[in-house]
1. Does the stretch 83-112 hold any residues that are more than 19 Å from the chain's Cα centre (by Cα), open to solvent by 50 Å² or more (accessible area, probe 1.4 Å) and in contact (Cβ under 8 Å) with a residue 12 or more places away in the chain, and which are they?
2. Could you list, in sequence order, all residues of the stretch 40-57 that are assigned to a helix (DSSP H, G or I) and of a type in the set (Lys, Arg)?
3. Condition check: in a helix (DSSP H, G or I), under 19 Å from Val134 (Cα atoms) and among the polar types (S, T, N, Q). Does Gln34 satisfy that?
Amino acid sequence: MPNEQFEHISRSYEEQLKKLREMVARMGGLAERQVADAAYALIRRDTELAGEVIGRDGEIDQLERDIENFCVRLLALRQPVASDLRFVIAAMKVSNAIERIGDYARNCAKRAVVISQQPQIGGFQGFQYMSQLVQQNLKEAIDSLVNQDAAAAERVWAADASVDEVYNGIFRELLTHMMEDARNITAATHLLFVAKNYERIGDHATNIAETVFYAVRGGALPEERPKGDTSPFAVVRPPV
């Protein structure tokens, strides 16, 4: 009888950890969709889709609260230790990062509405590529937590420099458009904010990867992550 009771408790505990993984995976999937749809709304000048992205943000916020409450209850009642404890804490931190990613996607959608009312400047290839990169990094970061895959988390951590490179190119291109014609300033300024939001989404995906690596291995990645954002030092000189 005592063995049966222990097995029941152990099985119930494993089911709770599984449920937590599923909750984080669902939240991550929603955020991925928000990031993708915000980019599509921008590129296609689709204000209806942008409105949907803005309206769906509350679902991500609610999931963050649900995950936090679930983790607190799990910590109080199960008192996990070692790798299980690190996983539960990681799930809380990751849900917070995903919530911020959802906020950035919502902000991109809001900007997309304004940009759709402005004359188009340049192409959106850079934004499309940047969106694809951060979506892929976010998906792999969430999968690395669900699968407890430290190697995958480290690959995401190393991939952030590619996002920064695309951002740098967009930044310089938009500055050039503003210098060439003052009528481009409104649209270009909003586009700069969109690009920065996607760059920050990439940073949060990297933060998730760092959290996962620690949760799985019990040790931190190297302190200095690969970064390539040179926009603070960018200078575009007017033609002579």
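1. Those that are more than 19 Å from the chain's Cα centre (by Cα), open to solvent by 50 Å² or more (accessible area, probe 1.4 Å) and in contact (Cβ under 8 Å) with a residue 12 or more places away in the chain: Ser83, Arg86.
2. Listed by number, the residues that qualify are Arg44, Arg56.
3. Spelling it out, Gln34 is indeed in a helix (DSSP H, G or I), under 19 Å from Val134 (Cα atoms) and among the polar types (S, T, N, Q).
Every residue, every condition in (1) open to solvent by less than 30 Å² (accessible area, probe 1.4 Å); (2) more than 18 Å from the chain's Cα centre (by Cα); (3) at pLDDT below 95; (4) closer than 18 Å to Asp37 by Cβ, yes or no:
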| site | (1), (2), (3), (4) |
| --- | --- |
| Ile115 | yes, yes, no, yes |
| Gln118 | no, yes, yes, no |
| Phe124 | yes, yes, yes, yes |
| Glu154 | no, no, yes, no |
| Trp157 | yes, no, yes, no |
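The values are calculated or read from the model by the stated rules, or taken from the named source; none is laboratory data. The model shown is predicted, which means the values in this text are computed figures rather than measured ones. Neighbour counts run over all protein chains shown; Cβ positions are idealised from the backbone, glycine included. The area values use the complete protein model at the heavy-atom level, side chains included, leaving out ligands, DNA and RNA. Shrake-Rupley method; radii C 1.70, N 1.55, O 1.52, S 1.80 Å.
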